């Protein structure tokens, strides 16, 4: 009965937000998924029409409603272009929670979210075991990017090229730290996120190097939980709330000025999605969520705004360095309006010459779990990004999101392009000597 009451509250909240859509079609013009499928149901406008009749459709065709809602990259392109300011991501995330609350999650997915990812120490142990045995099921796919592919035919992995789990994750290299504040009293909390911790630990290493170069002291507690966006985007509000609470215990009321993360998705989740879902937490936890969200910042924004001069660069001058271009993560530019800062960090390194690619802020097609469930579509969207990278003439493509890095590595490794993929903070830290 309690769950039905919560679902009715979610449904009522959803209905209040739907009235702002004017059906203007601006979302259609910018939707990367619609560009590939041409289906109106893949556009925000089409999904909103569906949501207006959600209570009725749930009873008639619940699985069809679920499928349409999940056929979305959650890139935020529609929200960024909406003249009415419709909070599309909020709508879709809440709608997924409603439909999955009604249908229930598949047992395997529920077990992963609720029994493993809400218990960080267990999650870390299982990933550590998996990293030792991954060679049984995978094989190297190329030396330049370090990607792997499936050794045997796999419905999940298909023909994708992916980064293997790190031999030593960041939490094993740096279990925890709590440094006293320096002379200028600048102290930050560091939240690497799951992918940086377990797949790209060098991004965390570069982040520490850059922060310590500028005398910033770091607080990083052990056993950090996932930010919760995989669970919430799958409709599991209960697991999401558990993950948020795990992190609140570690970070709320601690002595630091900023919470920094090198993951665009984690930054946007903590800064925007946590407060959006805050209404479902008790008042005391709502206050902690609001306070932590206000402190949260992408690491490229923090370093660029606080320590690197914002000066103009003439990109028409070839410095003779390695040519590098930049891909804007959707959640960083479209959700948080952070796009100048990562480019600034890249340009500071004299060993690189920056070149802008066409459609730098167009979605790469990853979309988190969308890339797993709809790989063919994800790849089609990504091919346009790959072509733009080629045409830029760059030898390196940089970004500020580990999920985007996974997608770019897959696209470029399969084509044997010889183009490397780096996080913007890696390029910046490399220039520090």
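Remarks
Here's the yes/no breakdown for (1) in contact (Cβ under 8 Å) with a residue 24 or more places away in the chain; (2) closer than 25 Å to residue 198 by Cβ:
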site	(1), (2)
366	yes, yes
376	no, no
379	yes, yes
383	yes, no
399	yes, yes
403	yes, yes
413	yes, yes
417	yes, no
427	yes, yes
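- Number of the condition not met by residue 175 [criteria: (1) part of a helix (DSSP H, G or I); (2) farther than 22 Å from residue 405 by Cα]: (1)
- When 239, 210 are checked against the criterion of being over 26 Å from residue 289 (Cβ atoms), in contact (Cβ under 8 Å) with a residue 40 or more places away in the chain and assigned by TED's automatic domain parsing to the domain that holds residue 259, a single residue qualifies: 210.
- Residues satisfying the stated conditions in the stretch 27-49, i.e. more than 15 Å from residue 74 (Cβ to Cβ) and in a helix (DSSP H, G or I): 28, 29, 35, 36, 37, 40, 41, 45, 46, 49
- Conditions (1) more than 20 Å from residue 210 (Cα to Cα); (2) in contact with a helix residue (DSSP H, G or I) (Cβ under 8 Å, 6 or more places away or on another chain); (3) at pLDDT below 95: number failed by residue 404: (3)
- Some residue of the stretch 259-278 being free of Cβ contacts under 8 Å to residues at least 24 places away in the same chain, outside any loop (DSSP other than H, G, I, E, B) and over 24 Å from residue 432 (Cβ atoms): yes
- Residue 362 in a loop (DSSP other than H, G, I, E, B), under 29 Å from residue 85 (Cβ atoms) and modelled with pLDDT of 95 or more: yes
- Residue in the stretch 78-85 that is assigned by TED's automatic domain parsing to the domain that holds residue 278, in contact (Cβ under 8 Å) with a residue 60 or more places away in the chain, part of a loop (DSSP other than H, G, I, E, B) and over 24 Å from the mean Cα position of the chain (by Cα) present: no
- Within the stretch 207-224, tally of residues that are assigned to a loop (DSSP other than H, G, I, E, B) and surrounded by 23 or more Cβ atoms within 10 Å (Cβ to Cβ): 2
- Residue under evaluation residue 396, criteria (1) surrounded by 22 or more Cβ atoms within 10 Å (Cβ to Cβ); (2) closer than 20 Å to residue 262 by Cβ, criterion not met: (1)
- Within the stretch 380-433, the residues that satisfy the criterion of being outside any helix (DSSP H, G or I) and under 17 Å from residue 32 (Cβ atoms) are 399, 401.
- Residue in the stretch 189-198 that is free of Cβ contacts under 8 Å to residues at least 60 places away in the same chain and more than 18 Å from residue 371 (Cβ to Cβ) present: yes
Condition check ((1) surrounded by 16 or more Cβ atoms within 10 Å (Cβ to Cβ); (2) touching a residue at least 40 places away in the same chain (Cβ under 8 Å); (3) not in a helix (DSSP H, G or I)) across all residues:
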| position | (1), (2), (3) |
| --- | --- |
| 95 | yes, yes, no |
| 121 | no, yes, no |
| 127 | yes, yes, no |
| 135 | no, no, no |
| 152 | no, no, yes |
| 158 | no, yes, yes |
| 180 | no, no, yes |
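- Condition met for residue 230 (in a helix (DSSP H, G or I) and closer than 25 Å to residue 288 by Cα): yes
- Any hit, the stretch 199-206, residues being assigned by TED's automatic domain parsing to the domain that holds residue 135, within 18 Å of residue 366 (Cβ to Cβ), modelled with pLDDT of 95 or more and assigned to a helix (DSSP H, G or I): yes
- Residue match in the stretch 160-175 (condition: exposed (fewer than 13 other Cβ atoms within 10 Å of the Cβ), at pLDDT below 95 and farther than 30 Å from residue 246 by Cβ): no
The values are calculated or read from the model by the stated rules, or taken from the named source; none is laboratory data. In this text the structure is predicted, and so the values were computed from the model without any measurement. So basically every Cβ, Gly included, is an ideal-geometry build from the backbone, and we count neighbours across all protein chains shown.
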